[in-house]
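Inspection log for the structure reproduced underneath, given as C-alpha coordinates.
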Amino acid sequence: MATTADQIMAPALVSTTTTSTTTTTNGKQQSLSVAATTMQPSTKPNSNSNTNDEQQMQHQVEQNNKSTSPKPNAMNSLKLTKMGSVSTKEKRVYKIVLTGGPCGGKTTGQSRLCTFFENLGWKVFRVPETATVLLSGGVKFSDLTEKEAYKFQENLIRTMVQIENTYFELGNSSARNCLIICDRGVMDASAYISKDKWEKMMAANKWNPVEMRDNRYNQILHLVSAANGAEDFYSTEDHACRSEGVELARELDYKSAAAWVGHPYFDVIDNSTNFEAKMNRMIESVCQKLGIDIGDRLQATSRKLKYLVAALPPDSEFPPFQDFDVVHHYLQSAGPKVQARLRKRGQKNHWSYIHTQRRPNVHGQARIEVKTQLTHRDYMNLLAQRDDAHFTIYKKRRCFLINNQYFQLDIYREPGHPRCKGLVLLETYSSLTGEALKNCMPKFLNVVKEVTGDPDYSMFNLSLKEDWSTTKKYCRPATGKQQQQPLQQQPSSEKQYKPYDENSD
(Lines give C-alpha, C1' and ligand atoms only; values in the text may rest on other atoms or scores of the structure.)
Protein backbone atom coordinates (compact mmCIF):
# COMPACT_ATOMS: atom_id res chain seq x y z
CA MET A 1 0.00 0.00 0.00
CA ALA A 2 1.18 3.51 -0.74
CA THR A 3 2.50 5.57 2.14
CA THR A 4 1.14 9.05 1.47
CA ALA A 5 -2.34 10.50 1.73
CA ASP A 6 -2.18 11.65 -1.89
CA GLN A 7 -1.62 8.07 -3.07
CA ILE A 8 -3.93 6.10 -0.81
CA MET A 9 -6.77 8.60 -1.10
CA ALA A 10 -6.54 9.22 -4.84
CA PRO A 11 -9.94 7.75 -5.79
CA ALA A 12 -11.62 9.94 -3.19
CA LEU A 13 -10.30 13.13 -4.74
CA VAL A 14 -12.68 12.85 -7.67
CA SER A 15 -15.38 15.29 -6.61
CA THR A 16 -18.85 15.54 -8.07
CA THR A 17 -20.85 18.37 -6.56
CA THR A 18 -24.45 19.07 -7.42
CA THR A 19 -27.72 20.49 -6.34
CA SER A 20 -31.30 20.21 -7.43
CA THR A 21 -34.63 21.92 -7.26
CA THR A 22 -38.18 20.79 -7.91
CA THR A 23 -40.35 23.00 -10.06
CA THR A 24 -44.00 22.84 -10.96
CA THR A 25 -45.16 23.39 -14.52
CA ASN A 26 -48.80 22.96 -15.57
CA GLY A 27 -49.48 20.99 -12.42
CA LYS A 28 -46.63 18.53 -13.03
CA GLN A 29 -43.45 18.35 -11.00
CA GLN A 30 -40.18 18.47 -12.86
CA SER A 31 -36.83 17.92 -11.15
CA LEU A 32 -33.77 19.77 -12.27
CA SER A 33 -30.25 19.01 -11.22
CA VAL A 34 -26.94 20.77 -11.55
CA ALA A 35 -23.74 18.78 -11.51
CA ALA A 36 -20.04 19.44 -11.76
CA THR A 37 -17.18 16.97 -11.75
CA THR A 38 -13.62 18.00 -10.96
CA MET A 39 -10.48 15.97 -10.49
CA GLN A 40 -7.27 16.87 -8.73
CA PRO A 41 -4.33 17.37 -11.10
CA SER A 42 -1.49 14.88 -11.01
CA THR A 43 0.89 17.49 -9.64
CA LYS A 44 0.32 19.57 -6.53
CA PRO A 45 1.45 23.16 -5.91
CA ASN A 46 4.15 23.71 -3.32
CA SER A 47 2.15 24.59 -0.21
CA ASN A 48 4.99 26.66 1.26
CA SER A 49 4.86 29.07 -1.67
CA ASN A 50 1.10 29.04 -2.11
CA THR A 51 0.70 32.81 -2.03
CA ASN A 52 3.49 33.44 -4.54
CA ASP A 53 2.12 30.73 -6.84
CA GLU A 54 -1.29 32.40 -6.73
CA GLN A 55 0.15 35.78 -7.65
CA GLN A 56 2.21 34.34 -10.52
CA MET A 57 -0.58 32.15 -11.86
CA GLN A 58 -3.12 34.94 -11.49
CA HIS A 59 -0.92 37.31 -13.53
CA GLN A 60 -0.46 34.65 -16.20
CA VAL A 61 -4.19 33.87 -16.32
CA GLU A 62 -5.09 37.55 -16.59
CA GLN A 63 -2.65 37.98 -19.48
CA ASN A 64 -4.02 34.93 -21.28
CA ASN A 65 -7.60 36.02 -20.74
CA LYS A 66 -7.07 39.40 -22.40
CA SER A 67 -7.42 37.71 -25.77
CA THR A 68 -10.10 35.20 -24.83
CA SER A 69 -12.45 37.56 -22.92
CA PRO A 70 -14.31 34.89 -20.93
CA LYS A 71 -17.87 35.57 -19.96
CA PRO A 72 -18.66 35.97 -16.26
CA ASN A 73 -19.26 32.65 -14.51
CA ALA A 74 -18.28 30.72 -17.62
CA MET A 75 -17.72 27.30 -16.09
CA ASN A 76 -17.85 24.68 -18.82
CA SER A 77 -18.27 21.92 -16.26
CA LEU A 78 -21.58 23.27 -14.92
CA LYS A 79 -24.73 22.23 -16.70
CA LEU A 80 -28.42 22.34 -15.89
CA THR A 81 -30.13 19.07 -16.83
CA LYS A 82 -33.23 17.05 -16.15
CA MET A 83 -32.79 14.30 -13.61
CA GLY A 84 -34.40 11.71 -15.83
CA SER A 85 -31.41 11.38 -18.16
CA VAL A 86 -28.20 11.62 -16.18
CA SER A 87 -24.93 10.99 -17.97
CA THR A 88 -21.70 10.01 -16.25
CA LYS A 89 -20.41 13.58 -16.08
CA GLU A 90 -23.73 15.03 -14.91
CA LYS A 91 -24.65 12.66 -12.11
CA ARG A 92 -24.16 13.32 -8.42
CA VAL A 93 -21.91 11.34 -6.08
CA TYR A 94 -22.42 12.44 -2.48
CA LYS A 95 -20.26 10.99 0.30
CA ILE A 96 -21.44 11.25 3.90
CA VAL A 97 -20.13 9.94 7.22
CA LEU A 98 -22.41 8.73 10.01
CA THR A 99 -20.52 9.04 13.27
CA GLY A 100 -21.28 9.31 16.97
CA GLY A 101 -21.00 7.46 20.25
CA PRO A 102 -22.45 4.02 20.99
CA CYS A 103 -26.22 3.57 20.58
CA GLY A 104 -26.75 6.78 18.62
CA GLY A 105 -28.81 5.31 15.79
CA LYS A 106 -26.15 4.89 13.09
CA THR A 107 -27.35 1.44 11.97
CA THR A 108 -30.98 2.54 11.77
CA GLY A 109 -29.90 5.82 10.17
CA GLN A 110 -28.11 3.96 7.39
CA SER A 111 -31.22 1.92 6.67
CA ARG A 112 -33.51 4.97 6.66
CA LEU A 113 -31.23 6.96 4.37
CA CYS A 114 -30.88 3.98 2.06
CA THR A 115 -34.65 3.53 1.74
CA PHE A 116 -35.33 7.26 1.32
CA PHE A 117 -32.79 7.81 -1.46
CA GLU A 118 -33.50 4.55 -3.26
CA ASN A 119 -37.12 5.70 -3.45
CA LEU A 120 -35.81 8.85 -5.19
CA GLY A 121 -34.08 6.65 -7.77
CA TRP A 122 -30.57 6.97 -6.35
CA LYS A 123 -28.02 4.19 -6.08
CA VAL A 124 -26.95 3.83 -2.43
CA PHE A 125 -23.75 2.20 -1.18
CA ARG A 126 -23.23 1.49 2.52
CA VAL A 127 -19.58 1.29 3.58
CA PRO A 128 -19.25 -1.08 6.59
CA GLU A 129 -17.57 0.06 9.81
CA THR A 130 -13.95 -1.06 9.50
CA ALA A 131 -13.41 -1.27 13.28
CA THR A 132 -16.32 -3.71 13.63
CA VAL A 133 -14.93 -5.86 10.81
CA LEU A 134 -11.52 -6.08 12.49
CA LEU A 135 -12.73 -6.43 16.09
CA SER A 136 -15.19 -9.17 15.16
CA GLY A 137 -12.20 -11.25 14.08
CA GLY A 138 -11.08 -11.80 17.65
CA VAL A 139 -9.20 -8.56 18.35
CA LYS A 140 -9.80 -7.16 21.83
CA PHE A 141 -8.48 -3.63 22.00
CA SER A 142 -7.97 -3.69 25.78
CA ASP A 143 -5.58 -6.66 25.42
CA LEU A 144 -3.24 -4.85 23.03
CA THR A 145 0.05 -3.36 24.14
CA GLU A 146 0.66 0.35 23.58
CA LYS A 147 2.76 -0.39 20.51
CA GLU A 148 0.21 -2.89 19.17
CA ALA A 149 -2.65 -0.43 19.71
CA TYR A 150 -0.81 2.28 17.80
CA LYS A 151 -0.09 -0.04 14.87
CA PHE A 152 -3.65 -1.37 14.95
CA GLN A 153 -5.09 2.14 14.59
CA GLU A 154 -2.67 2.94 11.76
CA ASN A 155 -3.62 -0.23 9.88
CA LEU A 156 -7.29 0.38 10.62
CA ILE A 157 -7.09 3.76 8.86
CA ARG A 158 -5.30 2.24 5.87
CA THR A 159 -7.87 -0.54 5.63
CA MET A 160 -10.73 1.96 5.97
CA VAL A 161 -9.32 4.13 3.19
CA GLN A 162 -9.00 1.17 0.82
CA ILE A 163 -12.54 -0.04 1.59
CA GLU A 164 -13.97 3.45 1.11
CA ASN A 165 -12.03 3.98 -2.12
CA THR A 166 -13.60 0.81 -3.52
CA TYR A 167 -17.08 2.24 -2.95
CA PHE A 168 -16.05 5.72 -4.12
CA GLU A 169 -14.86 4.28 -7.44
CA LEU A 170 -18.12 2.34 -7.81
CA GLY A 171 -20.01 5.57 -7.19
CA ASN A 172 -17.97 7.43 -9.81
CA SER A 173 -18.66 4.73 -12.41
CA SER A 174 -22.36 4.39 -11.60
CA ALA A 175 -24.79 5.63 -14.23
CA ARG A 176 -27.17 6.92 -11.55
CA ASN A 177 -26.96 9.57 -8.85
CA CYS A 178 -25.16 7.90 -5.97
CA LEU A 179 -25.21 8.30 -2.18
CA ILE A 180 -22.30 6.69 -0.31
CA ILE A 181 -22.87 6.25 3.43
CA CYS A 182 -19.73 5.62 5.49
CA ASP A 183 -20.20 4.04 8.92
CA ARG A 184 -17.59 6.28 10.56
CA GLY A 185 -14.71 7.91 8.70
CA VAL A 186 -10.96 8.19 8.94
CA MET A 187 -10.97 10.97 11.55
CA ASP A 188 -12.91 8.79 14.01
CA ALA A 189 -9.70 6.88 14.75
CA SER A 190 -8.30 10.01 16.46
CA ALA A 191 -10.91 9.59 19.21
CA TYR A 192 -9.22 6.37 20.34
CA ILE A 193 -5.60 7.58 20.47
CA SER A 194 -3.78 10.39 22.28
CA LYS A 195 -3.24 13.69 20.49
CA ASP A 196 0.55 13.25 20.46
CA LYS A 197 0.35 9.79 18.92
CA TRP A 198 -2.23 10.94 16.39
CA GLU A 199 0.00 13.78 15.24
CA LYS A 200 2.97 11.40 15.10
CA MET A 201 0.93 9.00 12.95
CA MET A 202 -0.21 11.82 10.66
CA ALA A 203 3.34 13.05 10.18
CA ALA A 204 4.80 9.56 9.60
CA ASN A 205 2.26 8.84 6.85
CA LYS A 206 2.29 12.37 5.40
CA TRP A 207 -1.43 12.74 6.08
CA ASN A 208 -3.04 16.12 6.72
CA PRO A 209 -6.48 16.92 8.18
CA VAL A 210 -7.62 19.11 5.28
CA GLU A 211 -7.44 16.11 2.93
CA MET A 212 -8.60 13.48 5.43
CA ARG A 213 -11.40 15.49 7.01
CA ASP A 214 -12.52 18.32 4.71
CA ASN A 215 -11.90 17.16 1.13
CA ARG A 216 -12.64 13.45 1.44
CA TYR A 217 -16.30 13.61 2.50
CA ASN A 218 -19.14 15.97 1.52
CA GLN A 219 -20.95 15.97 4.87
CA ILE A 220 -20.54 14.65 8.43
CA LEU A 221 -23.56 13.63 10.53
CA HIS A 222 -22.90 13.08 14.24
CA LEU A 223 -25.71 11.06 15.81
CA VAL A 224 -25.48 11.76 19.54
CA SER A 225 -25.38 8.65 21.74
CA ALA A 226 -28.50 7.73 23.70
CA ALA A 227 -26.18 7.89 26.73
CA ASN A 228 -26.31 11.66 26.30
CA GLY A 229 -29.89 12.86 26.64
CA ALA A 230 -31.81 9.58 26.18
CA GLU A 231 -30.27 7.41 28.90
CA ASP A 232 -33.40 5.26 29.34
CA PHE A 233 -32.89 3.93 25.82
CA TYR A 234 -29.17 3.20 26.06
CA SER A 235 -28.38 -0.48 25.55
CA THR A 236 -25.44 -2.70 24.55
CA GLU A 237 -27.49 -5.86 23.97
CA ASP A 238 -27.94 -5.62 20.22
CA HIS A 239 -24.30 -5.06 19.27
CA ALA A 240 -21.75 -7.86 19.54
CA CYS A 241 -18.79 -5.47 19.74
CA ARG A 242 -20.37 -2.94 22.13
CA SER A 243 -19.63 -3.12 25.86
CA GLU A 244 -19.40 0.53 26.97
CA GLY A 245 -21.20 1.78 30.08
CA VAL A 246 -23.13 5.05 30.04
CA GLU A 247 -20.24 7.23 31.28
CA LEU A 248 -17.74 5.77 28.82
CA ALA A 249 -20.31 6.07 26.02
CA ARG A 250 -20.71 9.79 26.78
CA GLU A 251 -16.96 10.27 26.70
CA LEU A 252 -16.60 8.43 23.39
CA ASP A 253 -19.52 10.41 21.96
CA TYR A 254 -17.79 13.70 22.75
CA LYS A 255 -14.44 12.50 21.41
CA SER A 256 -15.94 11.28 18.15
CA ALA A 257 -17.66 14.66 17.66
CA ALA A 258 -14.47 16.57 18.49
CA ALA A 259 -12.59 14.55 15.85
CA TRP A 260 -14.69 16.17 13.11
CA VAL A 261 -14.75 19.76 14.38
CA GLY A 262 -13.60 21.90 11.47
CA HIS A 263 -15.39 20.10 8.65
CA PRO A 264 -17.32 22.75 6.68
CA TYR A 265 -20.56 20.70 6.67
CA PHE A 266 -20.80 19.07 10.10
CA ASP A 267 -24.28 18.46 11.56
CA VAL A 268 -25.03 17.28 15.10
CA ILE A 269 -28.28 15.30 15.40
CA ASP A 270 -29.07 15.32 19.13
CA ASN A 271 -31.69 13.62 21.31
CA SER A 272 -33.93 16.64 21.82
CA THR A 273 -36.79 14.81 20.07
CA ASN A 274 -38.03 11.23 19.97
CA PHE A 275 -36.10 8.72 17.88
CA GLU A 276 -38.40 8.88 14.86
CA ALA A 277 -38.02 12.66 14.68
CA LYS A 278 -34.26 12.26 15.13
CA MET A 279 -34.10 10.06 12.03
CA ASN A 280 -36.21 12.56 10.08
CA ARG A 281 -33.90 15.41 11.10
CA MET A 282 -30.94 13.39 9.86
CA ILE A 283 -32.54 12.80 6.44
CA GLU A 284 -33.65 16.43 6.28
CA SER A 285 -30.09 17.61 6.90
CA VAL A 286 -28.74 15.57 3.96
CA CYS A 287 -31.52 16.75 1.67
CA GLN A 288 -30.89 20.39 2.60
CA LYS A 289 -27.19 20.13 1.74
CA LEU A 290 -28.01 18.41 -1.57
CA GLY A 291 -30.69 20.95 -2.43
CA ILE A 292 -33.42 18.30 -2.72
CA ASP A 293 -36.91 19.73 -2.20
CA ILE A 294 -38.69 17.47 0.31
CA GLY A 295 -41.63 19.79 0.97
CA ASP A 296 -43.06 19.22 4.44
CA ARG A 297 -42.52 15.45 4.44
CA LEU A 298 -39.89 15.69 7.18
CA GLN A 299 -41.26 18.82 8.84
CA ALA A 300 -38.11 20.87 8.31
CA THR A 301 -37.44 23.11 11.33
CA SER A 302 -33.70 23.67 11.44
CA ARG A 303 -32.61 27.17 10.46
CA LYS A 304 -29.44 29.20 10.21
CA LEU A 305 -28.85 31.63 13.08
CA LYS A 306 -26.34 34.48 13.13
CA TYR A 307 -25.20 36.60 16.09
CA LEU A 308 -23.02 39.66 16.56
CA VAL A 309 -20.27 39.06 19.12
CA ALA A 310 -18.28 41.66 21.07
CA ALA A 311 -14.57 41.39 21.92
CA LEU A 312 -13.32 37.80 22.04
CA PRO A 313 -12.28 36.13 25.30
CA PRO A 314 -8.86 34.40 25.64
CA ASP A 315 -8.41 31.10 23.80
CA SER A 316 -8.34 29.31 27.16
CA GLU A 317 -12.05 30.09 27.59
CA PHE A 318 -12.98 28.07 24.49
CA PRO A 319 -13.65 24.33 24.34
CA PRO A 320 -11.37 22.41 21.92
CA PHE A 321 -11.48 24.24 18.60
CA GLN A 322 -10.10 24.29 15.08
CA ASP A 323 -8.94 27.54 13.44
CA PHE A 324 -8.92 28.08 9.68
CA ASP A 325 -7.77 30.85 7.37
CA VAL A 326 -10.63 31.70 5.01
CA VAL A 327 -10.58 33.93 1.92
CA HIS A 328 -13.69 34.84 -0.11
CA HIS A 329 -13.76 36.43 -3.58
CA TYR A 330 -17.00 37.54 -5.22
CA LEU A 331 -17.07 36.97 -8.97
CA GLN A 332 -18.71 38.82 -11.83
CA SER A 333 -22.21 37.47 -12.37
CA ALA A 334 -24.49 37.03 -15.36
CA GLY A 335 -27.27 39.08 -13.79
CA PRO A 336 -28.41 40.93 -10.64
CA LYS A 337 -30.09 37.83 -9.19
CA VAL A 338 -27.10 35.54 -9.60
CA GLN A 339 -24.30 35.36 -7.06
CA ALA A 340 -20.97 33.60 -7.52
CA ARG A 341 -18.06 33.45 -5.12
CA LEU A 342 -14.87 31.53 -4.41
CA ARG A 343 -13.74 30.31 -1.02
CA LYS A 344 -10.25 29.23 -0.01
CA ARG A 345 -10.11 27.55 3.40
CA GLY A 346 -7.11 25.94 5.03
CA GLN A 347 -4.76 25.13 7.86
CA LYS A 348 -0.94 25.16 7.83
CA ASN A 349 -0.78 25.83 4.08
CA HIS A 350 -3.12 22.93 3.18
CA TRP A 351 -6.15 24.28 1.33
CA SER A 352 -9.56 23.34 0.03
CA TYR A 353 -11.31 25.38 -2.66
CA ILE A 354 -15.05 25.82 -3.26
CA HIS A 355 -16.98 27.62 -5.99
CA THR A 356 -20.52 28.61 -5.01
CA GLN A 357 -23.11 29.76 -7.51
CA ARG A 358 -26.67 30.72 -6.54
CA ARG A 359 -29.60 31.20 -8.88
CA PRO A 360 -32.71 32.09 -6.87
CA ASN A 361 -36.40 31.89 -7.68
CA VAL A 362 -36.25 29.30 -10.45
CA HIS A 363 -39.79 28.93 -11.82
CA GLY A 364 -41.09 30.47 -8.61
CA GLN A 365 -39.56 27.75 -6.45
CA ALA A 366 -36.63 27.64 -4.04
CA ARG A 367 -33.23 28.89 -5.15
CA ILE A 368 -30.63 26.63 -6.72
CA GLU A 369 -27.26 26.57 -5.01
CA VAL A 370 -24.28 24.76 -6.50
CA LYS A 371 -21.14 24.13 -4.47
CA THR A 372 -18.28 22.71 -6.51
CA GLN A 373 -15.00 21.52 -5.07
CA LEU A 374 -12.13 22.92 -7.14
CA THR A 375 -8.49 22.14 -7.78
CA HIS A 376 -5.94 24.86 -7.12
CA ARG A 377 -5.60 25.38 -10.88
CA ASP A 378 -9.36 25.83 -11.37
CA TYR A 379 -9.41 28.26 -8.45
CA MET A 380 -6.66 30.38 -9.97
CA ASN A 381 -8.40 30.43 -13.36
CA LEU A 382 -11.66 31.63 -11.84
CA LEU A 383 -9.90 34.40 -9.91
CA ALA A 384 -9.64 36.25 -13.21
CA GLN A 385 -13.42 36.82 -12.94
CA ARG A 386 -13.23 38.69 -9.63
CA ASP A 387 -15.79 41.45 -9.21
CA ASP A 388 -13.94 44.73 -8.59
CA ALA A 389 -17.04 46.12 -6.87
CA HIS A 390 -16.25 43.91 -3.85
CA PHE A 391 -13.37 43.72 -1.43
CA THR A 392 -11.75 40.36 -0.88
CA ILE A 393 -12.96 39.05 2.50
CA TYR A 394 -10.34 37.67 4.90
CA LYS A 395 -11.40 35.78 8.02
CA LYS A 396 -10.18 33.54 10.76
CA ARG A 397 -12.86 30.89 11.24
CA ARG A 398 -13.02 29.12 14.61
CA CYS A 399 -15.11 25.95 14.79
CA PHE A 400 -16.11 24.37 18.08
CA LEU A 401 -18.68 22.10 19.67
CA ILE A 402 -20.46 22.85 22.94
CA ASN A 403 -23.73 21.59 24.46
CA ASN A 404 -24.18 19.27 21.45
CA GLN A 405 -24.32 22.35 19.21
CA TYR A 406 -21.82 23.10 16.44
CA PHE A 407 -20.71 26.73 16.07
CA GLN A 408 -18.64 28.71 13.57
CA LEU A 409 -17.08 31.99 14.69
CA ASP A 410 -16.01 34.27 11.82
CA ILE A 411 -13.41 36.86 12.84
CA TYR A 412 -12.98 39.42 10.05
CA ARG A 413 -9.44 40.51 9.22
CA GLU A 414 -7.82 43.34 7.33
CA PRO A 415 -7.49 44.41 4.58
CA GLY A 416 -11.14 45.14 4.00
CA HIS A 417 -13.76 47.87 4.27
CA PRO A 418 -13.68 49.85 7.57
CA ARG A 419 -17.18 48.52 8.31
CA CYS A 420 -15.62 45.07 8.81
CA LYS A 421 -12.95 46.17 11.27
CA GLY A 422 -13.27 44.20 14.51
CA LEU A 423 -16.38 42.38 13.26
CA VAL A 424 -17.05 38.96 14.82
CA LEU A 425 -20.08 36.87 13.81
CA LEU A 426 -21.25 33.59 15.36
CA GLU A 427 -23.26 31.12 13.24
CA THR A 428 -25.05 27.87 13.97
CA TYR A 429 -27.95 25.77 12.68
CA SER A 430 -30.65 24.79 15.16
CA SER A 431 -34.31 23.85 15.47
CA LEU A 432 -34.36 24.99 19.12
CA THR A 433 -36.15 28.12 20.30
CA GLY A 434 -36.59 30.15 23.47
CA GLU A 435 -34.88 28.96 26.65
CA ALA A 436 -33.72 25.71 25.05
CA LEU A 437 -31.75 27.66 22.46
CA LYS A 438 -30.46 30.13 25.05
CA ASN A 439 -29.13 27.28 27.20
CA CYS A 440 -27.15 25.87 24.27
CA MET A 441 -25.38 29.15 23.47
CA PRO A 442 -21.72 29.51 24.51
CA LYS A 443 -21.82 31.42 27.80
CA PHE A 444 -18.19 32.55 27.52
CA LEU A 445 -19.00 34.74 24.49
CA ASN A 446 -20.44 38.24 24.78
CA VAL A 447 -23.32 38.02 22.29
CA VAL A 448 -24.55 41.52 21.49
CA LYS A 449 -27.65 40.64 19.46
CA GLU A 450 -29.08 38.26 16.89
CA VAL A 451 -28.59 39.49 13.33
CA THR A 452 -30.18 36.60 11.40
CA GLY A 453 -31.54 38.01 8.12
CA ASP A 454 -30.11 41.50 8.76
CA PRO A 455 -28.67 42.70 5.41
CA ASP A 456 -26.09 44.85 7.22
CA TYR A 457 -24.35 41.62 8.25
CA SER A 458 -24.53 39.88 4.89
CA MET A 459 -21.06 39.06 3.58
CA PHE A 460 -22.21 40.27 0.15
CA ASN A 461 -23.05 43.73 1.50
CA LEU A 462 -20.09 43.86 3.88
CA SER A 463 -17.68 43.32 0.98
CA LEU A 464 -19.06 46.16 -1.18
CA LYS A 465 -16.48 48.88 -1.89
CA GLU A 466 -19.04 51.64 -2.38
CA ASP A 467 -20.79 53.34 0.49
CA TRP A 468 -24.14 51.76 1.30
CA SER A 469 -25.88 55.14 1.17
CA THR A 470 -24.98 55.66 -2.50
CA THR A 471 -24.49 52.22 -4.04
CA LYS A 472 -27.19 50.50 -6.06
CA LYS A 473 -25.72 47.10 -5.27
CA TYR A 474 -26.80 47.00 -1.61
CA CYS A 475 -29.32 44.16 -1.28
CA ARG A 476 -32.32 44.21 1.03
CA PRO A 477 -34.97 41.72 2.11
CA ALA A 478 -37.48 41.09 -0.64
CA THR A 479 -40.39 41.07 1.80
CA GLY A 480 -41.05 41.82 5.43
CA LYS A 481 -39.38 44.34 7.73
CA GLN A 482 -36.52 46.31 6.24
CA GLN A 483 -33.69 46.34 8.76
CA GLN A 484 -31.31 49.33 9.06
CA GLN A 485 -31.51 50.27 5.39
CA PRO A 486 -29.68 53.26 3.88
CA LEU A 487 -32.25 56.05 3.54
CA GLN A 488 -30.98 57.19 0.14
CA GLN A 489 -31.94 53.95 -1.59
CA GLN A 490 -35.59 52.98 -1.79
CA PRO A 491 -36.69 49.35 -2.13
CA SER A 492 -37.25 48.13 -5.64
CA SER A 493 -40.69 46.80 -6.52
CA GLU A 494 -38.99 43.88 -8.26
CA LYS A 495 -38.31 40.83 -6.11
CA GLN A 496 -34.63 40.88 -5.23
CA TYR A 497 -32.07 38.22 -4.51
CA LYS A 498 -31.27 37.90 -0.79
CA PRO A 499 -27.55 37.27 -0.35
CA TYR A 500 -27.77 37.51 3.45
CA ASP A 501 -29.54 34.14 3.32
CA GLU A 502 -26.32 32.64 1.97
CA ASN A 503 -25.06 29.48 3.64
CA SER A 504 -21.59 29.49 5.16
CA ASP A 505 -18.91 27.85 3.06
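The values are calculated or read from the model by the stated rules, or taken from the named source; none is laboratory data. Just so you know, these numbers come straight off a predicted model, no measurement behind them. Neighbour counts run over all protein chains shown; Cβ positions are idealised from the backbone, glycine included. We work out accessible area using only protein heavy atoms, side chains counted, and drop any ligands, DNA or RNA first. Shrake-Rupley method; radii C 1.70, N 1.55, O 1.52, S 1.80 Å.
Here are a few things to note about the model shown:
- Within region 108-128, residues that are under 13 Å from Val93 (Cα atoms) and open to solvent by 50 Å² or more (accessible area, probe 1.4 Å) sit with their Cβ atoms under 8 Å from residues that are part of a loop (DSSP other than H, G, I, E, B) and polar (S, T, N, Q), at 6+ positions apart or across chains, in these pairs: Lys123/Ser174; Lys123/Asn177.
- Residues that are surrounded by fewer than 21 Cβ atoms within 10 Å (Cβ to Cβ), closer than 19 Å to Gln408 by Cβ and charged (D, E, K, R) within region 267-293 comprise just one, Lys289.
- Applying the criterion of being among the polar types (S, T, N, Q), closer than 23 Å to Ser256 by Cα and at pLDDT below 90 to the residues of region 311-351, the residue that is least open to solvent (accessible area, probe 1.4 Å) is Gln347.
- Residue within region 254-263 that is over 19 Å from the mean Cα position of the chain (by Cα) and modelled with pLDDT of 90 or more present: yes
- Region 183-208, subset open to solvent by 40 Å² or more (accessible area, probe 1.4 Å) and part of a helix (DSSP H, G or I), residue nearest to Thr375 (Cα to Cα): Ala203
- Residues (touching a Lys or Arg at 6+ places or on another chain (Cβ under 8 Å) and more than 17 Å from Phe400 (Cβ to Cβ)) located in region 428-444: Ser431
- Per-region count, region 400-427, residues open to solvent by less than 30 Å² (accessible area, probe 1.4 Å) and either among the aromatic types (Phe, Trp, Tyr) or at pLDDT below 90 (or both): 6
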